[in-house]
Structure formats: C-alpha cells, structure tokens
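These notes concern the structure reproduced below.
The values are calculated or read from the model by the stated rules, or taken from the named source; none is laboratory data. As the structure is a prediction and not an experimental result, all values here were calculated from the model. Virtual Cβ from ideal backbone geometry, glycine too; neighbours counted across all protein chains shown. Accessible surface areas use protein heavy atoms only, side chains included; no ligands, DNA or RNA. Shrake-Rupley method; radii C 1.70, N 1.55, O 1.52, S 1.80 Å.
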Amino acid sequence: MNVEAPAGALSKESMGRPFWNQRLETIPRAQLDALHLARIQRLVTYAYENTAFYRRKLDAAGVKPSDIRSLADYKRLIPVTDKSEFIGLQQERPPYGDTLALPPDLVAHHCETSGTTGVPLAIPYSMVDTVRYGESWVYGFWGLGIRPTDTFYFAFGWGNFAGFWSAYWGARRLGCRIISGGGLDTKGHIQAIQRMKPTVLISTPTFALRMAQVAKEMGVDLSQSSIRYTYHAGEPGPTALPGMREQIETAWGAKAGELLGIAEVDAMAPGCPLGDGVHVNEMNCYTWSMDPVTGGESAEGEIGENVVTSYANTAQPLLNYRTHDLVRRRESGCGCGRTWVKFDGAVLGRTDFMVTVRGTNVYQTAVENILNQIQGVSMHYELVLTHEDGNDVMTVRFEPEPTLDAAHWDAVASDASDRIHKALHVRLRCTPVAPNTLPRFELKTKRIIDQRPKELRRALDR
Ligand SMILES: [Zn+2]
C-alpha cells in the first residue's frame, strides 16, 4: 500500500503529472494479479484466525486458508458474503457481532450505512483503514486535476455517512485546506462559498443541482463562483448520467468528478478522467463479476454483479462480498493509461432493482439517462416498482419543469415513454405529478420506490 506521498509531490513537475501514483496506477496486469494473490492469501488467513464468523463459514465449506493457491481457487472456494449476514450478527450481538477482527479498542471510527429503510449496518474502521479509504479518493481527486493547493468545501451535514467522512480523510491526505458547511441550509452553503472562496465542492450530485437552483433564486450565478471542481458520491452521478454532468458543469462552471464508494468496502472506484467510467482502486480492492442468473463468473464486457474483497477494511474483513451493484467490467486497459479494472458507466443498476419487463432487463440508470435529456422534465422523478399479473412493472413518476404549462404535461409524458421505448425496447408508464410534490433529499436521493410484495423484494438497503 502506498501511504507516503510520492517523492517531491509538491514540485512544479509533480503537480503537472496526470497520476497521483503512476507506478501503481499503471502496473501491468500480471504483476497486479500476483500481488492480489499474495494479499488475498494473507487476508484469508487473517480473517480465519481473527474472526469467529469466517472460521465458522470456512469450516462449514470445508476450506482452509492454505487451500487458496490461485485467484481462481479464491473465487471458487471462498463462499460469498452478504450484508444481511453482517446485519443479522450485529443485531444478535451489537455493535459488530463476531465479525470484528481487531480488539474493540482499536476501532478508531464508527460509521453506519445511510439507508432510509431497514436496519443500518454498523461499520468499524481502524486508524490505518481510514488512511487507506482516504487514499482512494486522492487517486480520483488528482486525476480530475485537484492539487494540494486547492480548498475543499463540504456541503454536507456529516452524520454517520462513510461516503463524505472518507472524502474528508482523502482531502487531508492530499494536504488541502478543508471547510465544513456542517448543518447550514442550502442558502447558508451558498453564502459560505461566496465568503470563503473554496475551489472544490464535495456533495451528492443532486444536492449540487439543488444548490444551483437555490442560488439562481437568490440571484447568484455559481458559474462565476470560486469553485473549479465538483466531486460527488452517494448516488448515481455524472459518470452514469451524462445529462447530469452537463447540468452540474454548466451550473457551476466547473469540472465534475465522481467516485463509486461502498461504505463497508472502500471508496473503491474513483472516476476515470475520461469521464466514461470508474477505475477500481486495485491497491485496496480485488473484484470480479458474478452472472446474476447462474452465479458463476461473468465474462469481461458482460453485465454482472460486482463482488469485492477489501484490503482496506482490516477491522471487519470482507471476503467475496456481494455488492448487488451491476457493472460492465473491463480489464483491457483504458485510454487514460490506468491498468486498473474499469466499470464502464460506473454502476448500471442494482440486482435488487433490476426489473425484467417482458423479457428485457431494465436498469435504473438507463431510464434516468433518458429522462435527463428530455426538455420539460425536471430533476425530480422516481421509479415505482409494482408487480401486476405476474410481471414486474416500472412506472416513471416525474415532476415537469415548473415553467411548463400543465396543458403540455401529457405530451412530455408520452415523449418520455416513446424515447424509453426506442432506447430500451420496453414501454414504461410515465406519469406527470405536480411540481414540488415529490420528496427532496439532501443526502441520498431515493429514486426507487419498491412496492412489490415483500417476498419478491431482494432489496438490501445500502
Ligand atoms: Zn481511465
């Protein structure tokens, strides 16, 4: 793991380099895989020896750490783990069940998943874990152009949400000045930015747009503000949704970046500077894709569920951990020069929210991308899942732009339905609802409302 900044990181020459750590980000695949195997062998032994949870699990599968002689062995022999197992054990014996691999007094930070339904997952981090998580952000920050001379503004009320705590660890790691917006309201954030002149905004992507809207109402043009970069996590953002990238970059006059993070795993995949995908930080994580139907490994370029192993979480190890995120995985290199695995378009959907309509798989981001491009449709919409006559049904409920005359709502709805039909080969019901009636969120915008019968839901709130 790279914990020390590369020598001379602040020299003029270093500041101009496109990589935070070129040697690690461009390491040849064969070397990277050899490194993964060595680290995984150590990690499996560590998890087996230090947690009753993994000892039980591996013993039940009849596997010993010494059985892992290749990455193929690892994927085949080590049983997958799932969030629900951890939550179950934590509920039996709070706060961490018997999944903790360290003495409790070495837990340096505690977070919880920010889900709006269900039971939260408790996530412990050691001090070293927090440094490693932060490092993942630095790769993304640097790739976008952010340097130690920048000033970060966190438009965020902290809470227990790991996403932006780890961004904070990253900003510290990079050596930047940090300003916390804390519990200010939207107007307060805008005034603080005008007063303090930060150069980097950290927020959820929808909150960046919300701020832009409120600023407009205040008569403030944020494209003329001091912000030069915006960086996002927590919900589908500029990589998955090009329409959203354009809106954010225009409103803020800034370059927008994004990172795919999973609270219990790592800030695992910083955005590619080319903007069309995210790169797994392979210094912190090992990943493979699972075919959602067969459970076997899916081929490169096919859509599969991201299964991840974290080297960043030593407090609560995660082996072959199911993320329920659907990704299209590439190992064949990238135009930006990085050799790390790339997920084209970031996360394409969730296994628990993948709806099959008349034999076609429909992904949340695919629908959102289309809605983003339609004139007259605002950024406020939700996708409602129901089950009717034996089929999953997805209904798109959207707020038309407030300036759009109500007489045109139905035409916009039918335009949306036609475009979705053309692009995805399924017809979805599109229903306009009055402006300002859908709920607003400052943290994670809840786009999917699952109203299917409980037994049909596989949703594990993340
Ligand atoms: Zn790239």
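Miscellaneous remarks
- For the chain, the tally of Lys pairs with Cα-Cα distances below 22 Å comes to 18, considering only residues 8 or more apart or on different chains.
- Rounded percent of accessible protein surface that carbon and sulfur make up, region 355-456, 1.4 Å probe: 49
- When each of the peptides 254-261, 240-247 is scored by how many other beta carbons lie within 10 Å of its residues on average, the order from highest to lowest is 254-261, 240-247.
- Between region 190-222 and region 409-453, the alpha-carbon center distance in angstrom: 26
- Here the simple spin-label model places points 7 Å from the Cα toward Cβ, and for E249 and T403 these points are separated by 2.2 nm.
- Of all beta bridges that DSSP places with both ends in the chain, some 65 percent have antiparallel geometry.
- Relative contact order of region 355-456, defined on C-alpha pairs under 8 angstrom at six or more residues apart (%): 32
- Nearest-10 value in Å² for the accessible area of E382, using the 1.4 Å probe: 20
- Relative contact order, whole percent, for the chain stands at 13, derived from Cα pairs under 8 Å and 6 or more residues apart.
- Taking 0.36 nm per residue of separation and subtracting the current Cα-Cα distance, fully stretching the chain between R419 and R195 would add 76.3 nm.
- Once the chain from A60 to E331 is taken as fully extended at 0.36 nm per residue, the excess over their C-alpha distance is 94.3 nm.
- Kirkwood-type radius of region 355-456, with distances r between different C-alpha atoms, in Å: 14.1
- Listed peptides 78-90, 199-211 by packing density, highest first (mean Cβ within 10 Å): 199-211, 78-90
- Accessible surface, per residue, of the chain when the full set of protein chains is kept, probe 1.4 Å, Å²: 42
- Gap separating the Cα centres of region 236-256 and region 110-177, nearest whole Å: 20
- Coordinate range along principal axes, alpha carbons of the chain, Å, largest first: 69, 62, 43
- Taking the DSSP bridge list for region 355-456 and keeping only pairs wholly inside it, about 65 percent are antiparallel.
- Note on region 76-208: percent of Cα-Cα distances in each 5 Å bin, starting at 0 and stopping at the bin with the largest distance, equals 2, 9, 16, 18, 17, 14, 11, 8, 4, 1, 0, 0.
- Calculated FRET efficiency for the pair T431/D291, C-beta based, R₀ 35 Å, to 0.05: 0.55
- Cα gyration tensor, region 287-402 - rounded (a/c under 1.5), prolate or oblate: prolate
- Options P439, L385, L404, ranked by Cα towards positive dipole end of region 355-456, top entry (Cβ charges): L385
- Pairwise FRET efficiency - M15 versus Q451, Cβ, R0 = 51 Å, nearest 0.05: 0.50
- When only alpha carbons are used to place a centre, region 380-407 and region 66-103 end up 39 Å from one another.
- Percentage of interatomic Cα-Cα distances in region 217-368 larger than 24 Å: 37
- Cα-centre dipole for the chain with unit charges at Cβ (Lys and Arg positive, Asp and Glu negative), debye to 20: 820
- Fully extending the segment from A52 to D105 would add 17.3 nm, taking 0.36 nm per residue of separation and subtracting the current Cα-Cα distance.
- Each peptide among 306-317, 43-54 gets the average number of other Cβ atoms lying within 10 Å of its residues, and from highest to lowest they stand as 306-317, 43-54.
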